[in-house]
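The values are calculated or read from the model by the stated rules, or taken from the named source; none is laboratory data. What you are looking at is a predicted structure, and each value in this text was computed from that prediction instead of being measured. Cβ: placed from backbone, ideal geometry, glycine included. Neighbour counts: every protein chain shown. Just the protein is used for accessible areas: all its heavy atoms, side chains included, with ligands, DNA and RNA removed. Shrake-Rupley method; radii C 1.70, N 1.55, O 1.52, S 1.80 Å.
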Amino acid sequence: EILLGGGGARHPLWAQVLADAFSLPVTPLAVADLSAYGAAMLAAHTLGWIDVFNPASAWRRSATPVEPNLERHERYREQFAIAGELFQRTRPLSDGVAGLNRARR
């Protein structure tokens, strides 16, 4: 399972893309603004209101998990293989461009 938080957790398409790419269920967290949520939890812990050392499942609130689409997962695997080969074939060109950029600094 992949837990999804932050701004990406607000968009169902992003959760589906991740589920399909990794072939794992993706569970968006109900609270998308994790920085503010974490700060509030630490403040509450400091005041003795909660214990943040409890298992995460005690305070985790999540939305409905998004299940992977196995057909799309297979297409991602094929495209990833092609992208890896493309990277290897163009790496000398990328290295050359990076060298030119370093020389100009």
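Can we say E74 is free of Cβ contacts under 8 Å to residues at least 60 places away in the same chain and open to solvent by less than 100 Å² (accessible area, probe 1.4 Å)? Spell out how you get there, then give the answer.
On the way: free of Cβ contacts under 8 Å to residues at least 60 places away in the same chain: yes; open to solvent by less than 100 Å² (accessible area, probe 1.4 Å): yes.
Considered against the rule, which asks whether it is free of Cβ contacts under 8 Å to residues at least 60 places away in the same chain and open to solvent by less than 100 Å² (accessible area, probe 1.4 Å), E74 comes out as yes.
So, D51, is that one open to solvent by less than 100 Å² (accessible area, probe 1.4 Å) and out of contact with any Lys or Arg (no Cβ under 6 Å at 6 or more places or on another chain) or not? Spelling it out, D51 is indeed open to solvent by less than 100 Å² (accessible area, probe 1.4 Å) and out of contact with any Lys or Arg (no Cβ under 6 Å at 6 or more places or on another chain).
For segment 1-47, the tally of residues that are part of a strand (DSSP E or B) and among the charged types (D, E, K, R) stands at 0. Could you list, ordered by first residue, the pairs with Cβ atoms under 9 Å in which the first is in segment 86-105 and open to solvent by 100 Å² or more (accessible area, probe 1.4 Å) and the second is in a helix (DSSP H, G or I) and of a type in the set (G, A, S), at least 6 apart or interchain? Listed pairs, sorted by first residue: F87/S94.
What residue, of S62, S35, is surrounded by fewer than 10 Cβ atoms within 10 Å (Cβ to Cβ) and closer than 29 Å to H11 by Cα?
Numbers: S62 fails: surrounded by fewer than 10 Cβ atoms within 10 Å (Cβ to Cβ).
Going through S62, S35 in turn, just one is surrounded by fewer than 10 Cβ atoms within 10 Å (Cβ to Cβ) and closer than 29 Å to H11 by Cα: S35.
On inspection, T64 fails the criterion of being more than 22 Å from Q16 (Cα to Cα) and either modelled with pLDDT of 90 or more or under 19 Å from the mean Cα position of the chain (by Cα) (or both).
Scanning segment 67-105 for residues that are closer than 28 Å to S23 by Cβ and not in a helix (DSSP H, G or I) returns E67, P68, N69.
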